[in-house]
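Chemist: Can you keep this structure in mind? I'll have questions shortly.
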Amino acid sequence: MSDKTYNGWTNYETWRVNLEIFDYTTANEFSSFSVYNPDCAYELSQELKDYAVTLLEMEGTKGLTFDYAMAFLDAVDFRQIAEAMIENAIEEHSHA
């Protein structure tokens, strides 16, 4: 098995989705996150995935294009994105 990590992320798909969808988003913008509950990574990851799917649906993409986009999202490690967001939020909270 080859190493599929990309720029410190699980894979290219995770890096790209984080960069283009969540890079300027904070964990505080999602209801499942609380700086006082850092164990919410699973719940936040599910909310992030739902958000990404909603964005695709809002584009009005259908058929093969949508299927390919969904296959791309299936490869994304949303938990890694959630954990990075939580870590950033906790760090920001500790400096406030």
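Only the coordinates and a few stated rules stand behind these numbers; no lab work does. None of these values were measured; they are calculated from a predicted model. Cβ coordinates were reconstructed from backbone atoms using ideal geometry, including for glycine residues, and neighbour counts include every protein chain displayed.
Chemist: Angle, helix 78-95 long axis vs. longest principal axis of the chain, Cα atoms, 0 to 90°, nearest 10?
Modeler: Approximately 30 degrees, to the nearest 10.
Chemist: Which of the chymotrypsin sites (Phe, Trp or Tyr not before Pro) across region 61-96 are loop residues per DSSP, with 11 or fewer other Cβ within 10 Å?
Modeler: none
Chemist: If you line up the long axis of helix 63-74 against the longest principal axis of the chain, both from Cα atoms, how many degrees apart are they, to the nearest 10?
Modeler: 30
Chemist: Rank ALA69, LEU19, LEU44 by how far each Cα sits towards the positive end of the charge dipole of region 12-95 (+1 on Lys, Arg Cβ; -1 on Asp, Glu Cβ) and give me just the farthest.
Modeler: ALA69
Chemist: What percent do you get for the relative contact order of the chain when only Cα pairs under 8 Å and 6+ apart count?
Modeler: Rounded, it is 39 percent for the chain.
Chemist: Still on this structure: Could you give the angle, 0 to 90 degrees to the nearest 10, between helix 41-58's Cα long axis and the longest principal axis of the Cα atoms of the chain?
Modeler: 40
Chemist: Would you mind computing the Rg to Rh ratio of the chain from its alpha-carbon coordinates, Kirkwood style for Rh?
Modeler: 1.01
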